[in-house]
1. Is it true that ALA90 is on the phi < 0 side of the Ramachandran plot, small (Gly, Ala, Ser), at pLDDT 95 or above and out of contact with any Phe, Trp or Tyr (no Cβ under 9 Å at 6 or more places or on another chain)?
2. From the list ALA33, ALA74, pick out the single residue that is at pLDDT 95 or above and either polar (S, T, N, Q) or surrounded by 10 or more Cβ atoms within 10 Å (Cβ to Cβ) (or both).
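The values are calculated or read from the model by the stated rules, or taken from the named source; none is laboratory data. For clarity, every value in this text was computed on a predicted model and none was experimentally measured. Here Cβ is always computed from backbone atoms with ideal geometry, including for glycine, and neighbour counts include all displayed protein chains.
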Amino acid sequence: MPTQSSSSHEVAIIPFAPVPVSVRDDADQLDQAGQSILQLLDSAATVAEQNGRRTLNIAQKLLHHLYAAEDRIAELEAEAATYQQRAERAEQWLLRVHAEIENRLLR
């Protein structure tokens, strides 16, 4: 609102409108909400990183167990092959002994 002074010059003074309290409260609430969201994102990122490290450790342990199991399987297969050969050789000896018994004792 213009004011008149005693001089011939008129000076218009326009006061700044005060920021309503509700606008400041809304801004504070928005800032708080934004900060809360950033904190939650930081927490989520930390948890995801920890889960990723834990998952990698578990995967490495499982891989180690898998390699150990594969080695053991190879050992058992080799052992089974040895016993199979021994069983076949024993069977051949039994057949030979059987043939000798028939030839020498039953004839």
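1. Working: on the phi < 0 side of the Ramachandran plot: yes; small (Gly, Ala, Ser): yes; at pLDDT 95 or above: yes; out of contact with any Phe, Trp or Tyr (no Cβ under 9 Å at 6 or more places or on another chain): yes.
Yes.
2. Within the list ALA33, ALA74, the selection yields ALA74.
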